[in-house]
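J.: What follows is a structure written as structure tokens; I'll ask about it next.
The values are calculated or read from the model by the stated rules, or taken from the named source; none is laboratory data. On a predicted model such as this, the values are computed, not experimentally measured, just so you know. Here Cβ is always computed from backbone atoms with ideal geometry, including for glycine, and neighbour counts include all displayed protein chains. These accessible areas exclude ligands, DNA and RNA; they are computed on the full protein's heavy atoms, side chains included. Shrake-Rupley method; radii C 1.70, N 1.55, O 1.52, S 1.80 Å.
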Amino acid sequence: MQNFLFTGDIFKGSRYEKGHPLDMDRVWPSVELIQLMGWIDNEQIIKNDPAEINELIKFHDLDYVQALKKAEENQHLPENLKRKFNIGIGNNPIFSEVFSRPATAARASIRAVEMISNKKAKKILNISGGTHHGRKSQAYGFCFLNDCVLAILKAIELGFQRILYVDIDAHHCDGVQDTFANNKNVSIISIHEKNRWPNTGLIEDCNIDNIINFPVPERFNDREMDFLITNGVLPFAKTNNLDLLIIQAGADMLDGDPQSRICLTNNAYWKAINDLLSLCE
Ligand SMILES: [Zn+2]
């Protein structure tokens with residue numbers, strides 16, 4: 001079985017509004033770099049369209065999704081809807097592809113689960129996914145749609161029963177935890193910076209059966225990450241006999257990223273992801 005990378009043309013040149021932390025090209029240059037390095041063949045790159053509304057309302061409320069679509073079409077929303085849905089406010093600006101871009105990422109995550117379920121793929125990288133803060137009817141923390149939640153819901157729908165979701169982004173996966181806390185089909189492990197927005201993901205949440213949180217301090221480094229994966233994450237994962245692994249590997253724990261004060265290098269991400277993937281061998 002082949003491995004694939006999912007992306008879409010919409011990411012070519014797509015940026016959040018000027019001055020926003022995501023006012024930068026990241027997704028498409030990463031795809032080009034991966035190609036230039038020869039890490040995958042062209043036929044392993046799959047481009048997809050945005051998800052349809054009926055796919056998105058498996059999690060999100062219909063009136064929220066419709067408002068997001070309208071915001072893209074008109075590049076504007078009435079004040080009452082802005083406040084109701086947190087769209088066009090603070091760090092969740094209305095930009096040219098405010099619906100189509102996250103909907104493309106969401107379709108990729110949903111489709112990835114379908115392809116793995118159909119045994120058409122073993123491993124899939126959705127390079128634009130990971131919008132783990134998105135709420136049912138509100139944008140939150142740069143996240144307009146929650147592709148992680150949509151992927152897990154699709155997996156449950158397709159019959160996966162022991163889904164392990166591991167989140168190694170600097171920020172806690174509040175949208176995912178709140179949706180699946182106490183869900184017997186899903187286990188959630190998060191490593192994130194302590195006292196960092198959204199200030200959730202407390203160690204005390206480990207009292208919830210299917211949640212393990214590792215809030216880590218500033219300056220957390222590669223060796224400490226390796227220790228935590230080896231002694232905290234892998235032993236738990238091995239006892240769970242998982243049938244699907246979803247990793248959210250937000251790159252903002254890299255040293256120098258303005259979104260955190262964590263000091264990991266690429267090596268820590270590669271090692272952590274390889275160690276986690278060994279669970280699927
Ligand atoms: Zn983050």
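J.: So Y64 fits all but one of (1) within 20 Å of Y140 (Cβ to Cβ); (2) open to solvent by 30 Å² or more (accessible area, probe 1.4 Å); what number is the exception?
T.: Every listed condition holds for Y64 apart from (2).
J.: Can you find a residue in region 158-177 that is within 30 Å of N207 (Cα to Cα), within 16 Å of the ligand (Cβ to nearest atom) and in the same structural domain as D61 (by TED's automatic domain parsing)? Walk me through it before giving the result.
T.: Restricting attention to region 158-177, the residues satisfying the condition of being within 30 Å of N207 (Cα to Cα) are 158-177.
The next check asks that each one be within 16 Å of the ligand (Cβ to nearest atom); those that pass are 165-177.
Cutting the leftovers down to in the same structural domain as D61 (by TED's automatic domain parsing) gives us none.
There is no residue in region 158-177 that is within 30 Å of N207 (Cα to Cα), within 16 Å of the ligand (Cβ to nearest atom) and in the same structural domain as D61 (by TED's automatic domain parsing).
J.: Pull up region 145-200, narrow it to residues that are without any contact (Cβ under 8 Å) to a residue 60 or more places away in the chain and aromatic (F, W, Y), then point me to the one that is surrounded by the fewest Cβ atoms within 10 Å (Cβ to Cβ).
T.: That would be W197.
J.: In addition: Identify the single condition in (1) touching a Gly at 6+ places or on another chain (Cβ under 6 Å); (2) open to solvent by 80 Å² or more (accessible area, probe 1.4 Å); (3) in contact (Cβ under 8 Å) with a residue 60 or more places away in the chain that K58 does not satisfy, given that it satisfies every other one.
T.: Result: K58 fails condition (1) only.
J.: Name the residues in region 127-142 that are surrounded by fewer than 24 Cβ atoms within 10 Å (Cβ to Cβ) and β-branched (V, I, T), would you?
T.: Listed by number, the list holds a single entry, I127.
J.: Quick check: is even one residue across region 239-258 of a type in the set (D, E, K, R) and under 22 Å from K119 (Cα atoms)?
T.: Checked against the condition, which is being of a type in the set (D, E, K, R) and under 22 Å from K119 (Cα atoms), region 239-258 yields at least one hit.
J.: To continue, here is another question. Starting from region 125-142, keep only residues that are without any contact (Cβ under 8 Å) to a residue 12 or more places away in the chain, then list their pairs with residues that are open to solvent by 40 Å² or more (accessible area, probe 1.4 Å) and within 16 Å of the ligand (Cβ to nearest atom) whose Cβ atoms are within a distance under 7 Å, requiring at least 6 positions of separation or different chains.
T.: Close Cβ pairs satisfying both conditions: none exist.
J.: Which of the residues belonging to region 86-142 are within 16 Å of the chain's Cα centre (by Cα), assigned to a loop (DSSP other than H, G, I, E, B) and either of a type in the set (V, I, T) or within 16 Å of the ligand (Cβ to nearest atom) (or both)?
T.: The answer is I127, S128, G129, G130, T131, H132, H133, G134, R135, A139, G141, F142.
J.: Can you list the helices (runs of 4 or more DSSP H) found entirely within region 211-281 that contain at least 2 residues being surrounded by 17 or more Cβ atoms within 10 Å (Cβ to Cβ), touching a strand residue (DSSP E or B) at 6+ places or on another chain (Cβ under 9 Å) and not β-branched (V, I, T)? Break it down stepwise before answering.
T.: Numbers: elements: 222-228, 234-239, 266-277.
By residue number, 222-228, 266-277.
J.: Turning to a different aspect of this structure: Do the conditions hold for K58, that is, is it of a type in the set (K, R) and in a helix (DSSP H, G or I)?
T.: no
J.: Assess whether A112 counts as being touching an Asp or Glu at 6+ places or on another chain (Cβ under 7 Å), assigned by TED's automatic domain parsing to the domain that holds G13, closer than 21 Å to I53 by Cα and in contact (Cβ under 8 Å) with a residue 24 or more places away in the chain. Before the answer, list the steps.
T.: On the way: touching an Asp or Glu at 6+ places or on another chain (Cβ under 7 Å): no; assigned by TED's automatic domain parsing to the domain that holds G13: yes; closer than 21 Å to I53 by Cα: yes; in contact (Cβ under 8 Å) with a residue 24 or more places away in the chain: yes.
In short, no.
J.: Ok, one more. May I ask you to list pairs of residues, at least six apart or on different chains, whose Cβ atoms are under 9 Å apart, with the first in region 1-25 being under 17 Å from N92 (Cα atoms) and the second being of a type in the set (A, V, I, L, M) and surrounded by 14 or more Cβ atoms within 10 Å (Cβ to Cβ)?
T.: Close Cβ pairs (under 9 Å, with a partner that is of a type in the set (A, V, I, L, M) and surrounded by 14 or more Cβ atoms within 10 Å (Cβ to Cβ)) amount to S14/V27; R15/L22; Y16/L22; Y16/V98; E17/I94.
J.: Quick one: in region 23-51, of everything that is open to solvent by less than 30 Å² (accessible area, probe 1.4 Å) and in a loop (DSSP other than H, G, I, E, B), which residue is nearest to F144 (Cα to Cα)?
T.: A51
J.: Of everything in region 147-158, what is under 13 Å from the mean Cα position of the chain (by Cα) and farther than 20 Å from D9 by Cα? Give them in sequence order. Working first, answer last.
T.: Start the filter on region 147-158 by keeping residues that are under 13 Å from the mean Cα position of the chain (by Cα), which leaves 147-152.
Within region 147-158, C148, V149, L150, A151, I152 meet the criteria.
J.: While we're on this one: Among the numbered criteria (1) over 26 Å from C280 (Cβ atoms); (2) in contact (Cβ under 8 Å) with a residue 60 or more places away in the chain, which single criterion is violated by V98?
T.: The one condition V98 does not meet is (2).
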